[in-house]
Amino acid sequence: MADTAVTNLLKRVSAGERGAVDELLPIVYRELKSIAHRKLRDERRGHTLNTTALVHEAYLRLGLQQIVWQGRVHFFAVAARAMRRVLIDYASGRRADKRGGGAAHVSVNDVVAAPERRVDDLLALDRALNRLGHLEPRQAQVVECHVFAGMSLEDTAVALDISPATVSRDWTVARAWLNRALNPTGSRNT
């Protein structure tokens with residue numbers, strides 16, 4: 001469906017129109033599943049969340065009617081953030097079950113690109129990204145859109161209503177900051 005049709009439907013959701021939420025899911029479901037599949041592809045083998053469960057849990061957490069939607073790209077950026085939260089909550093639960101292990105030095109690229117992410121690495125990235133969000137909120141949003149939603153830098157610029165050059169600079173700085181935060185002793189894993 002065209003971007004404008006999804007955007008118009010999201011405006012109806014924001015306006016509180018009855019039935020608009022029910023119309024939205026079938027239209028965006030395939031793309032949500034695609035995002036969830038990319039997120040789960042990077043998780044460890046034997047992960048108990050499947051694509052459908054991740055989509056449904058994230059969709060429930062969206063709070064669709066509490067957000068003033070800016071359009072399709074904004075919707076998918078927020079959905080990807082909700083999926084990230086679901087995976088982080090899941091990882092936190094797993095870690096609580098296991099408790100232990102020493103912290104290894106990792107990079108942002110190691111965590112987001114590793115075929116089998118370690119729970120502690122994902123949690124360390126989440127903590128670092130939250131710290132970055134307090135210091136530089138826009139840079140954290142760029143990371144969320146680009147890494148967790150799988151958006152191109154151009155789509156990230158549209159979602160955040162900033163120039164592609166600004167997104168590129170923010171991405172470079174945020175990635176360097178996160179790598180330093182994940183490797184406080186100074187070893188470089190980029």
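The values are calculated or read from the model by the stated rules, or taken from the named source; none is laboratory data. These numbers were taken from a predicted model, which means no experiment stands behind them. When we count neighbours, we look across all protein chains shown, and the Cβ atoms used for this are built from the backbone with ideal geometry, even at glycine.
Just for helices (runs of 4 or more DSSP H) wholly inside region 78-190: which have at least 3 residues that are modelled with pLDDT under 65 and under 17 Å from the mean Cα position of the chain (by Cα)?
Because the criterion is at least 3 residues that are modelled with pLDDT under 65 and under 17 Å from the mean Cα position of the chain (by Cα), the helices (runs of 4 or more DSSP H) in region 78-190 that meet it are 108-113.
Which one of these does residue 40 not meet: (1) out of contact with any helix residue (DSSP H, G or I) (no Cβ under 8 Å at 6 or more places or on another chain); (2) at pLDDT below 85?
Here residue 40 clears every test but (1).
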